[in-house]
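The next block holds one structure in the form of structure tokens; read it before the comments.
Any read-out appearing in this document is the output of simple, stated calculations on the displayed coordinates, not a laboratory observation. Everything quoted here is computed from the prediction, not taken from an experiment. Glycine gets a Cβ as well: all are built from the backbone with ideal geometry, and neighbour counts include every protein chain shown.
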Amino acid sequence: MNTPKPGDFPVGSVESRAAMRLQLSKQSEESRVLEFVSHISRPWRGRGAEPEDWNGAPRVSELQPWDDGQIRILYVPRSMTEDEARKI
């Protein structure tokens, strides 16, 4: 049996809201990861001088707890695509 989707019913109807609640309840059972992809580098905050490749190399932050899921930030230099950064 297919699960009803909110779009199967008129917008704002009791049925569409119930279908959305069902979708959200199933989604909350899984761990959610929110990922931000940014081309804006953050400033160097380490000890000593800023590394030469600080803004030229992609970086991924560690997963951090957030609300009822987790969050991470992927920095992608302007000179590469998101797919290239993920491969590295």
Scoring the chain by relative contact order with C-alpha pairs under 8 Å, at least six apart, yields a percentage of 27
So the angle from the long Cα axis of helix 14-29 to the longest Cα principal axis of the chain, reported in degrees to the nearest 10, equals 40
Computed about the Cα centre, the charge dipole of the chain from +1 Lys/Arg and -1 Asp/Glu charges at the Cβ has a magnitude in debye, to the nearest 20, of 140
